[in-house]
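One structure is given here, and the rest of the page talks about it.
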Amino acid sequence: MALKQLKAYSLQAIKMVFCTSLYTIFLMCVSFCFGQQKQAERIYFDSEMESKSIPSFEIFSMNPEGKEIRQHTFDAVPRRANTSPKFSPDGEHVIFGTYKYGGYKVAIAKSDFSQQRKFTKGPHYTYVGSWSPDGKKVAYNKVDTKNAPYYQGDFEIFVTELDGTSDINLSNTKGSDFGPIWSPDGRKIFFGSDRSGNSDIYEMDADGKNVKNLTNTMDVDEFGFSLSPDGSMIAFHAIPKKGQKRYIDLYTMSSDGSGRKNLTHNQNAKRNLFVPYYEGAPPIFYGTSWSSDGKTIAFSSKRNSPNFQVFTIGLNGQELKQLTHNKGNNVFPVWHSR
């Protein structure tokens with residue numbers, strides 16, 4: 001009996017060691033995969049850093065620490081831009097703004113920016129919006145005018161099928177509606193508009209119905225907003241319309257418009273909204289973007305420099321980091337996890 005018990009205890013010990021080893025390997029794999037995921041996150045942005053005598057903006061990217069900078073586009077029209085990349089939900093494609101097709105248009109390419117082609121049709125100026133969560137549609141801005149010049153007129157929000165078979169005006173109101181962003185469940189579209197006399201943040205159903213003003217601040221302009229990955233919060237810039245202390249600050253609020261919070265209390269980035277080389281474009285291009293875990297926001301500011309630089313900040317208003325330091329302007333950060 002003693003021998004049998006000893007064998008049973010030995011077998012049990014071996015099983016415990018084996019299971020512990022498997023669990024350790026599992027934890028190592030999870031840690032490795034998580035580390036790989038963290039490494040795969042990059043912040044895309046527009047930069048003049050490689051501009052020569054005639055400035056233009058190309059699309060670059062870097063890791064969340066501001067390292068490993070890569071250039072992704074190389075053919076921006078002088079004094080114009082390749083700008084604002086937005087990646088499809090499956091990560092296979094990217095849309096971005098460009099001037100190379102005659103006036104600003106939305107282009108589409110593989111996620112490595114190869115096989116580029118014009119996406120939006122017609123002579124009207126169009127600007128990047130966002131992908132639907134299922135990756136089958138794109139919401140974007142179009143200048144609503146029937147005659148030239150095609151860069152002047154109200155901005156409207158259009159939704160088009162990826163294959164271009166339909167192109168529907170969802171906003172169709174007086175004033176400019178800009179920066180459409182789909183909610184994660186695809187049921188709503190958030191957007192900016194000056195239809196009430198100032199720039200506010202709105203939401204509407206994905207078919208354009210049930211429009212609601214989320215900020216409704218007549219004395220303050222809100223712009224350059226983005227939606228958190230889970231759709232629960234909005235980051236945005238705001239500036240008072242009147243008064244001496246007209247500083248641009250970065251805010252967050254819940255996606256229903258409640259819980260407004262100033263993260264920056266900035267006393268440096270005054271009135272000069274930076275809208276490079278965009279004739280008639282609204283200040284949507286003063287952008288923000290969230291990390292994939294929803295804990296950090298990327299934005300651009302002139303707080304420490306005569307030029308715009310890219311920063312990140314935590315949701316508590318702490319952990320402010322300056323990621324770019326070159327002499328050119330660096331704007332419109334877009335966080336992307338591959």
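Just so it is clear, none of the values below were taken in a lab; they were calculated from the coordinates. No experiment lies behind these values; they were computed from the predicted model shown. A quick note on method: Cβ atoms are made from the backbone with ideal geometry, for glycine too, and the neighbour counts reach across all protein chains shown.
Here is how the numbers come out for the structure above:
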read-out: Over 20 Å between alpha carbons, listed pairs 136/295; 137/295; 188/209; value: 136/295; 137/295
read-out: Residue order, fewest to most surrounding Cβ atoms within 10 angstrom, among 101, 286, 150; value: 101, 150, 286
read-out: Relative exposure of 53, 196, 301, 114, judged by other C-beta atoms within 10 Å (fewest first); value: 53, 114, 196, 301
read-out: Packing-based exposure ordering (other Cβ within 10 Å, fewest first) of 265, 237; value: 265, 237
